[in-house]
Every structure is written in structure tokens, then in C-alpha cells.
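Quick notes on the structure that follows.
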Amino acid sequence: MNDTEQPVSLVGLLDQLVLPPEPAPVSMMPQTGGWLVLAALALILAGWALWAGIRRYRENAYRRAALAALKLADDDPAAIAAILRRTALAAYPRQAVASLSGADWLAFLDRTGGSDSFCSGPGQALAEAPYHPVGPVGALTETAALWIRRHDRAAVA
């Protein structure tokens, strides 16, 4: 060791260190085309789902209107019969619904609703209600609401 050289200390060596350069920022863009195709398919699928949801919502507007009218019917069989008739005319072709009455009308409601609540249940009051007064019938409002929610538009050929 020379007298002119100073001893090297750890702190001195650390002060001589040079920091490495910072790496370039990582891009958020996908590096392969597969991710772009997947993103495009996801956007198309989301758009289709939104379109189908809006279409279904609009198609079922008559159901929401019928359920709102049913709440105002106050268990009156004549009013419920009129609501069900209007709902059926909105959902099915006029020639399949307009001429039905009595047992045929009740059978139609059972066939399209997937139950037997009209021919052999509280729905029997609907056959007579439009023609002469019938008192409130228990469970008729619930039966009608169930038909409005569940009737199958494809049940009539």
C-alpha cells in the first residue's frame, strides 16, 4: 500500500455504486393477436346479451301491464277475466283467442299456462263472471297472476 492511497471503506465503495437504469414501463396492450380476438368476441357477446335483454324486456311489457292491472282488480272475477283476455290477445294470434268462451277458454288458459287451475280450480269462475255477477273467488288473483307470468307463447300452433 502506498502512503498516498487511502484505505477503501465499505461506505466509500457504496457511494461509488451507480444505480441501474429503470426499465421501460410495461405496456397494457396485449402482445398477441389472440387476446385482441378474445376481447372482440367478448364485446360482441356482451352486446348481444344486452340487445337480447332489452328485446325480452320490451316483449314482456304486456305482462307487466297485466300484473299492474291485476293488482287494481281487487279480486273481481269479471275484471280478472277482462285482464286475462287482453293479455291473451297481446300474446297470441287474435284468431286463436277471440272466439274462445266458456270451457274452451278455460282449457286454453290451462293449456298455455301449463296447469289445470282454470278447468278444475278457482279459475272456473271466469267462465261465468263476464255474463253475470260472481262474488270474489279465493285464489283467483293468484291463479291469474301465475298464468300471466308463466304462459307459454309457443303453446298455440
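Key figures for this structure:
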{"read-out": "Within the range 57-157: Cβ-based charge dipole about Cα centre, in debye rounded to nearest 20 (Lys, Arg +1; Asp, Glu -1)", "value": "540"}
{"read-out": "Coordinate range along principal axes, alpha carbons of the range 61-150, Å, largest first", "value": "31, 27, 23"}
{"read-out": "Contour excess over end-to-end distance, with Cα ends at Ala65 and Leu13 and 0.36 nm allotted per residue", "value": "10.4 nm"}
{"read-out": "Where only alpha carbons of the chain are counted, the Rg and the Dmax (Å)", "value": "36.4, 127"}
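Every number here is computed from the coordinates shown, using simple stated rules; none is lab data. Bear in mind that the values here come from a model prediction, so they are computed numbers and not experimental data. Reconstructed Cβ throughout: ideal geometry from the backbone, glycine too, with neighbour counts over all protein chains shown.
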